[in-house]
Amino acid sequence: MKEAKGYTIKNQAGLHFLTFTVVGWVDVFTRQSYRDIILDSLRYCQKEQGLIIYGYVIMSNHLHIIARAENGNLSKVIHNFRKFTATKILAEIQVGTESRMEWMIKVFAYFAKYKSNYKHFQFWKKDFHPIELSSNGWIRQKLDYIHLNPVKAGIVARPEQYLYSSASNYVNGTGLLDVTVMYEIWNDVGLIM
């Protein structure tokens, strides 16, 4: 396992485990409309930017993805995804029926206040902790980690019961987001499902 320094991806064509966290750990993704923005954006990145997703989970304030870029420019795809989702979700918060709008906007403004690269609001933490997955063992470990996140959080009893995860793709063959299932690795996973 190679952890990239900061948020730089050295091997742009490599398979990576990525974590995207909302600043202040704000529980944005408790609302379906915001989760749907994430899913729609991931679908767009798959179709238009060559993002290949092997596993994912959307939790209340962060998401994990195992992915690579078909075009060999994962950093650009991630940059576009983060920029688009931040803009879209912030707009939705301000014009939607968000009961926590005033508080959320204050938090996002606070995190942007001392950073020159954010005009008004910061939505995502700057670092997304890219980890290049260079062995089947690391891939298995990260798939387990992703799929067990909702179980460990007490949201569901079994990973495939959580809608906003690729666990159902691996167990039932279908899910909310199409993913490339790594059967040769998954069949060797020691995870009890």
Search result, residues across segment 21-32 that are over 7 Å from LYS125 (Cα atoms) and outside any helix (DSSP H, G or I): VAL26, ASP27, ARG31
Residue pairs meeting the criteria (Cβ under 6 Å; at least 6 apart or on separate chains; first more than 19 Å from GLY24 (Cα to Cα), in segment 76-105; second modelled with pLDDT of 95 or more and not in a helix (DSSP H, G or I)): VAL77/LEU51; VAL77/ALA69
Those residues of segment 25-75 which are free of Cβ contacts under 8 Å to residues at least 40 places away in the same chain, in contact with a Leu (Cβ under 8 Å, 6 or more places away or on another chain) and among the charged types (D, E, K, R), in sequence order: GLU70
Count of segment 83-141 residues which are of a type outside the set (A, V, I, L, M) and assigned to a loop (DSSP other than H, G, I, E, B): 24
Hey, TYR34 at pLDDT 95 or above and among the hydroxyl-bearing types (Ser, Thr, Tyr) or not: yes
Boolean, ILE66 is surrounded by fewer than 17 Cβ atoms within 10 Å (Cβ to Cβ) and part of a strand (DSSP E or B): no
Filtered residue count, segment 109-149, keeping only those that are in contact with a strand residue (DSSP E or B) (Cβ under 9 Å, 6 or more places away or on another chain) and over 25 Å from ASN169 (Cα atoms): 4
Matching residues, segment 40-58, being surrounded by fewer than 19 Cβ atoms within 10 Å (Cβ to Cβ) and either among the aliphatic types (A, V, I, L, M) or in contact with a Pro (Cβ under 6 Å, 6 or more places away or on another chain) (or both): ILE52
Selection count where residues are more than 17 Å from THR8 (Cα to Cα), of a type in the set (Gly, Ala, Ser) and surrounded by fewer than 16 Cβ atoms within 10 Å (Cβ to Cβ), scope segment 69-115: 4
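The values are calculated or read from the model by the stated rules, or taken from the named source; none is laboratory data. Keep in mind that what you see is a predicted model, and the values were worked out from it rather than measured. All Cβ positions, even for glycine, are placed from backbone atoms using ideal geometry, and neighbour counts span all protein chains on display.
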